[in-house]
Amino acid sequence: MSFTKLDYCQYLLSTPINYTVTNLAEHLEGISHDRINRYLRGEKLTPRLLWDNVKALLQPCQNAYVLFDDTVLDKRYSTSIDLSRRQYSGNEHRVIRGIGLISCVYVNGRTGQFWVIDYRLYDPAGDGQSKLDHVAAMLDGVAYSKQLPFTTVLMDSWYATQKLMAQIDQLKKLYYCPLKVNRKVDDSGGSAPYVRVDELVWNAQDLQQGKQIKIRGFPKDKKVKLFRATVSTHRTEFVATNDLTQADTDAAQDVCDVRWKPIGVSP
């Protein structure tokens, strides 16, 4: 029996927990562990291959979301694996050895269905690219080469940089992303010094409708809307958006929640 890309991709789609080669071989009659290993060593599973397989299944939507997220594939016991390096893991909340993976996900704003449409492996020693470089390239890919309709980009605080936010502005899209609490901002219109985000003073109206601020390092005429959102009893997020018409903290939080709780299941 032959073993193909389709066999491997179907396995990854249907087994979100145990995705080892040994487990796969146990579920395929006539296919050995060694045969799958030889296949994976000789085959390149590229971002282009991912897009070629998913584009026919994707259901575009004018008010779609494009979200970016990164994760670290834990390889702490495998020091000789290519691409494995020490880096911060958000799941572990510490530095571990692993492979960095940045994913681009397309979410249908009407149905909540979502599809991984692109990815990059974080390998600065090999390609000289930062995580921001990868996200910028994937964002251009969604807008231009893939030509997918969308209105809003969602990302975490690692990507809340002037360069990436300006890129989204140039695409005439919206963004929502949390700011780190130590970012310096100004809500006084220039009459007071910059302060840390977590040192801002919020009145009742600010808490309900957000406040307009300038982030230090951004052009002097560039303002964003900032919302203080209570995520849990012990966690508060400060969410920035270029949608200056947004005036509802709950609505802003609902948009951000798409990153964590997509409705529905991708094909």
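Taking the criterion of being modelled with pLDDT under 95 and surrounded by 12 or more Cβ atoms within 10 Å (Cβ to Cβ), the residues of region 232-244 that qualify are THR236, GLU237. Selection over region 192-203 of residues that are touching a strand residue (DSSP E or B) at 6+ places or on another chain (Cβ under 7 Å) and in a helix (DSSP H, G or I) gives a count of 1.
Each row is one residue, and each column tells you yes or no for (1) within 20 Å of the chain's Cα centre (by Cα); (2) loosely packed, with under 14 Cβ neighbours inside 10 Å.
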| residue | (1), (2) |
| --- | --- |
| MET165 | yes, no |
| LYS184 | no, no |
| ASP187 | no, no |
| VAL201 | no, yes |
| ASP221 | no, yes |
| THR230 | no, yes |
| ASP250 | no, yes |
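Just one of the listed residues (ALA143, ALA136, ALA160) is on the phi < 0 side of the Ramachandran plot, out of contact with any Asp or Glu (no Cβ under 9 Å at 6 or more places or on another chain) and modelled with pLDDT under 95, namely ALA160. The C-beta contact set for region 204-218 (first residue assigned by the TED database to the domain that holds ASP248, second residue assigned to a loop (DSSP other than H, G, I, E, B), distance under 6 angstrom, 6+ apart or interchain) comprises GLN209/ALA247; LYS211/ASP187; GLN212/LYS223; ILE213/ASP187; LYS214/LYS223; ARG216/TYR194. Taking residues in region 23-34 that are on the phi > 0 side of the Ramachandran plot, and partners anywhere that are among the basic types (Lys, Arg) and exposed (fewer than 10 other Cβ atoms within 10 Å of the Cβ), not one pair has Cβ atoms closer than 8 Å while being at least 6 places apart or on different chains. Kindly indicate whether any position in region 103-112 is modelled with pLDDT of 70 or more and in a helix (DSSP H, G or I). Looking for residues that are modelled with pLDDT of 70 or more and in a helix (DSSP H, G or I), one finds none in region 103-112, hence no.
Can we say ALA247 is small (Gly, Ala, Ser), touching a helix residue (DSSP H, G or I) at 6+ places or on another chain (Cβ under 8 Å) and modelled with pLDDT under 90? No: the conditions fail for ALA247.
Does TRP51 satisfy being crowded, with 17+ Cβ neighbours inside 10 Å, under 18 Å from ARG259 (Cβ atoms), modelled with pLDDT of 90 or more and under 18 Å from the mean Cα position of the chain (by Cα)?
no
A single member of ASP221, ASP206 is within 23 Å of LEU164 (Cβ to Cβ) and either at pLDDT 90 or above or in a loop (DSSP other than H, G, I, E, B) (or both), and it is ASP221.
Results for (1) within 27 Å of PRO193 (Cβ to Cβ); (2) in the same structural domain as TYR106 (by the TED database); (3) free of Cβ contacts under 8 Å to residues at least 12 places away in the same chain; (4) among the small types (Gly, Ala, Ser), shown as yes or no for each residue.
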| residue | (1), (2), (3), (4) |
| --- | --- |
| ASP221 | yes, no, yes, no |
| ARG228 | yes, no, no, no |
| SER232 | no, no, yes, yes |
| PHE238 | yes, no, no, no |
| THR249 | yes, no, no, no |
| VAL255 | no, no, no, no |
| ARG259 | no, no, no, no |
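The values are calculated or read from the model by the stated rules, or taken from the named source; none is laboratory data. On a predicted model such as this, the values are computed, not experimentally measured, just so you know. We place every Cβ from the backbone using ideal geometry, glycine too, and count neighbours over all the protein chains shown.
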